[in-house]
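The values are calculated or read from the model by the stated rules, or taken from the named source; none is laboratory data. Fair warning: this is a prediction, and the values are worked out from it, not measured in the lab. So basically every Cβ, Gly included, is an ideal-geometry build from the backbone, and we count neighbours across all protein chains shown.
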């Protein structure tokens, strides 16, 4: 747990600034620089299954536009310095920059949750409990995200307690195989992703069509992969963000909207895909330094995504349906749903 202590202390040191909201420079701006809070809930109950990636929750807070680097009084000056010194980022291109904090939990189970035996032809029981610090750098052409994630897998991630609490509320059978889950292990990941947005047709204040694409990578003992993908959205009065994301490292697509964006109604439909070349997935490969139940993972996994999103005033509500190709040799494709509720303030 020492791995988690420094990030936790950092988060606590920034809490007064988090609660207070807008820094001094934003008060001098003609436009309010808002914050964004976003909640994600994902579950395969939307597809009437209970296996593989079976549940995920995530809470994210995105800061107001960060102050200029010359302002040494701000507690997030380290974030601005880091973004300005990343080799692929030009500080002169920035429209706005934000720091984001996330906390979440993912749960993975085999198909037969009532068996107490190790299921050698299925994936291990696993849970991933984590906190993240993300840096967002937005230009007129793209959104860069650099994210550091700290957490734990194993019993300390409390997957058994969470799943069986939900099953008790639903009246569903208790999962009995959690004694076979992968063991406790601290987790750390560094993630970078760049998202591009390409307006194709129409007026942003009326009906329009936009194309998106992204490219990224993750390195760490939890997830190591390279990914790419793209998508399309069609709708009315679409805000100038990067669409709708599901729970994945550096996947957040929303940035705080301007005041003008907040004061309108928006509705759009979207479809996209994300393809990953997977080098490591601890929920399938098992523990790094000791033997544990593991599955024979597939080297390439693709998510096919479709959904609808509505924005009204400061609120954004989205529903996404995901079909994920097989993640391991004995598995098959898996479907689940994702609900995202965001509030800009």
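Only a single criterion out of (1) modelled with pLDDT under 95; (2) surrounded by fewer than 20 Cβ atoms within 10 Å (Cβ to Cβ) is not satisfied by residue 344, namely (2). From (1) closer than 30 Å to residue 256 by Cβ; (2) surrounded by fewer than 22 Cβ atoms within 10 Å (Cβ to Cβ), pick out the condition that doesn't hold for residue 173. Only one criterion is unmet by residue 173, namely (1).
Among the residues of the stretch 146-160, is there at least one that is closer than 26 Å to residue 326 by Cβ, surrounded by fewer than 23 Cβ atoms within 10 Å (Cβ to Cβ) and either at pLDDT 95 or above or touching a strand residue (DSSP E or B) at 6+ places or on another chain (Cβ under 8 Å) (or both)? Yes, that holds for at least one residue.
The residues on offer are 251, 235, and the sole one that is touching a residue at least 12 places away in the same chain (Cβ under 8 Å) and assigned to a strand (DSSP E or B) is 235.
Of the residues 229, 286, 306, the single one that is within 30 Å of residue 126 (Cα to Cα), within 17 Å of the chain's Cα centre (by Cα) and buried (at least 16 other Cβ atoms within 10 Å of the Cβ) is 229. Kindly evaluate residue 336 against the criterion of being buried (at least 16 other Cβ atoms within 10 Å of the Cβ), in contact with a helix residue (DSSP H, G or I) (Cβ under 6 Å, 6 or more places away or on another chain) and assigned to a strand (DSSP E or B). Yes; evaluated as a whole, the condition is true for this residue.
Residue count for the stretch 267-283 satisfying the condition of being within 17 Å of the chain's Cα centre (by Cα) and either surrounded by fewer than 15 Cβ atoms within 10 Å (Cβ to Cβ) or without any contact (Cβ under 8 Å) to a residue 60 or more places away in the chain (or both): 4.
Looking at (1) touching a strand residue (DSSP E or B) at 6+ places or on another chain (Cβ under 6 Å); (2) at pLDDT below 95, which is the only condition residue 272 fails? If we test residue 272 against (1) touching a strand residue (DSSP E or B) at 6+ places or on another chain (Cβ under 6 Å); (2) at pLDDT below 95, just (2) comes out false. Every listed requirement among (1) closer than 28 Å to residue 141 by Cα; (2) loosely packed, with under 15 Cβ neighbours inside 10 Å; (3) in contact with a strand residue (DSSP E or B) (Cβ under 6 Å, 6 or more places away or on another chain) is met by residue 321 save one, (2).
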